[in-house]
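Notes follow the structure.
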Amino acid sequence: MGSGPLVESPSHLIFPRMRVLRSTGSDPALGRLEAIGRTRLATLPTPLLAAPGLAGHLGTGARISIKADDCTGLGLGGNKVRKLEYELGPPRLQGVTHLVTAGGAHSNHCRVTAAAAARLGLKCSLVVNGEPEDPERGNALLHRLLGARIVTVAKREERGNAIGHEVRRIGAAGGKALAVPVGASTERGALGYVHAVAEMRNQVRPEGEPPWIFTSSSSGGTLAGLILGCAIFDWRARLVAVSADEPAAWIRGIASFLSMGAARLLEADPGSASRGVTGDDISAQGNRLLNRVRRVAEDVLVTDDFVGDGYGVATPEGDEAMRLFGARAGVILDPVYTAKAAAALIARLRDGTIAAGNHAVFLHTGGHPALFR
Ligand SMILES: *Cc1c(COP(=O)(O)O)cnc(C)c1O
């Protein structure tokens, strides 16, 4: 499979096999994705790993696979890398000298944004709320190793002002700052997960039923991209989003909103007029995609039943999931996000919701530094 930039060889990433080429045809949305502009940051495709030992131990007749997005590479990887490929696409980076973003003192998003800045030759400022207990451990240490300037504020609510202040400070010194929204969960960032869907669709057994896909969810960008990808490829995978913190209804709302917005980005095609495509053609195609996005978004299962006492607070089910994935599959989970998503997967395997013969894909979104803080 090709590893060159999508803009140069879309066929390698989006149509890795003829089977896919035939079933999707020349979807106009994919042509637009190519034109929107992407900065390659991730090592793709990430592997899909079979976990027969875990399935055997759980006594389920279902197959379990891990989509290893903890292995996206940049700055210890995770799901933020794919989102930043579009959030930091070439059109967004013109003239930019600094990235500015925000998060908690142990934010995975801050770590990967700082790594992207370093890779791209930019400077980075991180506005973090709260002091880490030990700045020499976990993501707090990595933020510093990646050369970011750390601006600490006491409360989450103060982050917005501090970002504005930082952007103005950089501007006054002759630089140009790009403020990256928290989690890179934007319409543009969501586009990164369309590629993950394209990869998974090629990695699962083509003749089988579409799989269940379990993902951890918080700011909704990853889920939004999965929704959009399933809509573009008309792939009937059953998406399950497991909250790490927010109420399920909020996650459903933001993911629907972002997936619709991302679909509209694909619909708006400034180059189409010069190619003799009429506005009517575009809106007809766009409406078809928007309708599919709406349908997929409605079918997503979102649960906040595994949050426990709150963000980052361990649960017995999450702890068990970490031990089972480790000992039975050789897969290390993180305690904040993936442990709770894996606990949901295990619960649904045990209660038979995921039946014998089904295939369950666990999207590993990363987060390992939280183990070492
Ligand atoms: C940010 C993050 C998530 C949540 O992804 P969203 O796109 O914000 O919903 C899940 N897992 C890990 C490890 C993360 O860092």
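The values are calculated or read from the model by the stated rules, or taken from the named source; none is laboratory data. The model shown is predicted, which means the values in this text are computed figures rather than measured ones. Cβ placement follows ideal geometry from the backbone for every residue including glycine, while neighbour counts extend to all protein chains displayed. All accessible areas refer to the heavy atoms of the entire protein, side chains included, with ligands and DNA or RNA removed. Shrake-Rupley method; radii C 1.70, N 1.55, O 1.52, S 1.80 Å.
Below is a table of values for the structure above.
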| read-out | value |
| --- | --- |
| Accessible area (Å², per residue) of the chain, counting only protein heavy atoms and a probe of 1.4 Å | 41 Å² |
| Positive-end residue, the chain charge dipole about Cα centroid, Cβ charges, pick of 52, 243, 314 | 52 |
| Of the DSSP H helices in the chain, those whose Cα atoms cover at least 15 Å axially and whose Kyte score averages 0.5 or more | 221-233, 248-267, 338-350 |
| Residue 127 long-range amide H proximity, modeled H, under 5 Å | 101, 102, 103, 151 |
| Whole-Hz ³J(HN,Hα) from phi, Karplus 6.51 cos²θ - 1.76 cosθ + 1.60, for segment 147-153, glycine and proline x | x, 6, 7, 9, 10, 9, 10 |
| For the chain, convex hull volume per residue from C-alpha positions, Å³ | 135 Å³ |
| DSSP loop GluC sites (Glu not before Pro) with at most 15 other Cβ within 10 Å: longest gap in the chain | 208-373 |
